[in-house]
Ligand code: NAD
């Protein structure tokens with residue numbers, strides 16, 4: 001298969017971790033007989049330095065013409081960087097919002113997977129962890145409360161603020177379809193999370209999700225109220241496969257789900273459009289505090305590349321090969337400093353990439 005991938009290394013540790021992900025992709029291409037062609041574009045602080053804006057129209061257009069985007073991270077040290085003495089729309093992170101909007105990426109997927117070899121980092125008790133957990137949070141990214149009409153006014157001398165939560169059935173249907181499609185590539189179980197006992201938007205959400213479920217008789221569907229879901233994630237995380245939810249609930253639940261894995265350098269993510277196109281990136285930021293020292297953990301970005309193979313290119317076998325390589329390297333005791341534990345062997349960013357590539 002020939003794939004055109006736009007890479008956006010970005011700032012801080014971004015270039016170091018994207019380099020390692022490409023190393024692993026190249027090895028995968030070589031072993032499985034594919035061709036991955038990369039075009040690098042600037043976004044974030046490096047684009048501000050070069051062009052005065054965090055994302056140029058040309059960079060966006062190049063991304064649009066590609067099959068998928070692999071992103072490192074953008075942003076600098078918020079306290080003392082020249083990139084932040086400007087209007088919010090000109091800061092590095094504005095590039096992220098612009099590219100998500102420009103590429104119509106409305107579905108965000110964040111896996112939360114517990115590696116047995118990193119179980120010590122999980123803050124939950126052993127009896128709760130059981131055999132571990134392996135879920136994805138599918139969050140609607142471009143609607144709901146964060147995009148609704150809002151205002152603050154004074155009513156009879158008292159300040160009053162209003163935010164509105166709106167979803168139409170089309171917005172719900174397209175994210176539900178994504179969730180069911182992804183469940184088919186996993187354990188075929190969707191839990192749709194809402195607050196249907198209170199909110200009209202949640203009642204519509206539930207109705208549309210049930211309609212979509214009829215097209216997927218092989219996928220089991222259950223509904224769960226968001227407050228219960230927040231509890232269940234820390235009481236019985238092993239029960240979840242695909243968690244489908246709206247923007248704000250997903251914002252909160254995906255952070256909760258990430259935290260129970262215990263290691264930020266391991267968490268991948270994807271944002272998808274209506275078709276196969278997606279942008280793949282680690283869940284962490286640009287970590288300016290450790291940039292350029294060959295100590296960043298590249299695994300979140302490498303696993304994001306695996307998600308790209310699975311969701312944008314339907315190369316499931318190849319994605320599984322990368323995930324297996326990561327498990328193998330961890331099982332052999334290799335660790336970057338953020339996940340270092342007693343008795344393990346410490347390696348840098350580039351060596352971790354080499355070790356994983358060698359396992360493909
Ligand atoms: P961060 O995720 O960059 O760092 C938080 C802590 O985790 C730091 O101590 C860092 O060293 C560590 N860390 C993060 N990734 C790591 C890795 N792969 N390996 C080892 N350690 C790692 O969050 P922050 O410090 O709040 O933000 C730094 C910059 O990143 C800011 O400018 C912020 O706006 C930006 N940011 C960008 C994105 C993105 O590009 N998607 C996301 C979040 C934050």
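The values are calculated or read from the model by the stated rules, or taken from the named source; none is laboratory data. Just so it is clear, the structure is predicted and the values come from calculations on it, not from any experiment. Note that we place each Cβ from the backbone using ideal geometry, even for glycine, and neighbour counts take in every protein chain shown.
Worth a mention:
- Residue among 86, 78 that alone is closer than 23 Å to residue 255 by Cα and either within 22 Å of the chain's Cα centre (by Cα) or at pLDDT below 90 (or both): 78
- Summed over the stretch 335-347, the residues that are in contact (Cβ under 8 Å) with a residue 40 or more places away in the chain and surrounded by 17 or more Cβ atoms within 10 Å (Cβ to Cβ) give a count of 3.
- Any hit, the stretch 168-182, residues being part of a helix (DSSP H, G or I), within 30 Å of residue 331 (Cα to Cα) and touching a residue at least 60 places away in the same chain (Cβ under 8 Å): yes
- Residues of the stretch 133-166 satisfying the condition of being in contact (Cβ under 8 Å) with a residue 40 or more places away in the chain and in contact with a strand residue (DSSP E or B) (Cβ under 8 Å, 6 or more places away or on another chain): 133, 134, 135, 136, 137, 138, 139, 140, 141, 145
- Count - residues of the stretch 152-168 that are closer than 19 Å to residue 247 by Cβ and loosely packed, with under 10 Cβ neighbours inside 10 Å: 1
- Per the conditions (1) closer than 18 Å to residue 14 by Cα; (2) within 16 Å of the ligand (Cβ to nearest atom); (3) surrounded by fewer than 23 Cβ atoms within 10 Å (Cβ to Cβ), the sole criterion not satisfied by residue 90 is (1).
- Looking across the stretch 183-201 at every residue that is under 24 Å from the mean Cα position of the chain (by Cα) and in a helix (DSSP H, G or I), the one that is surrounded by the fewest Cβ atoms within 10 Å (Cβ to Cβ) is identified as 184.
- Of all residues making up the stretch 46-57, the number that are surrounded by 19 or more Cβ atoms within 10 Å (Cβ to Cβ) and assigned to a helix (DSSP H, G or I): 3
- Given (1) more than 22 Å from residue 132 (Cα to Cα); (2) assigned by TED's automatic domain parsing to the domain that holds residue 9; (3) buried (at least 17 other Cβ atoms within 10 Å of the Cβ); (4) at pLDDT below 95, number of the condition residue 274 does not satisfy: (3)
- Filtered residue count, the stretch 58-87, keeping only those that are within 11 Å of the ligand (Cβ to nearest atom) and surrounded by fewer than 19 Cβ atoms within 10 Å (Cβ to Cβ): 5
- Filter result (closer than 12 Å to residue 72 by Cβ and more than 9 Å from the ligand (Cβ to nearest atom)) within the stretch 266-286: 279, 280
- For residue 124, the requirement of being more than 30 Å from residue 335 (Cα to Cα) and more than 16 Å from the ligand (Cβ to nearest atom) is not met.
- Only one of 1, 43 that is buried (at least 21 other Cβ atoms within 10 Å of the Cβ), within 25 Å of residue 274 (Cα to Cα) and touching a strand residue (DSSP E or B) at 6+ places or on another chain (Cβ under 9 Å): 43
- Listed by position, the helices (runs of 4 or more DSSP H) contained in the stretch 287-360 that have at least 2 residues being closer than 22 Å to residue 1 by Cβ, modelled with pLDDT of 95 or more and within 15 Å of the ligand (Cβ to nearest atom) are 299-311.
- Subset of the stretch 231-258 (residues that are assigned to a helix (DSSP H, G or I) and farther than 23 Å from residue 106 by Cα): 231, 232, 233, 234, 235, 237, 238, 239
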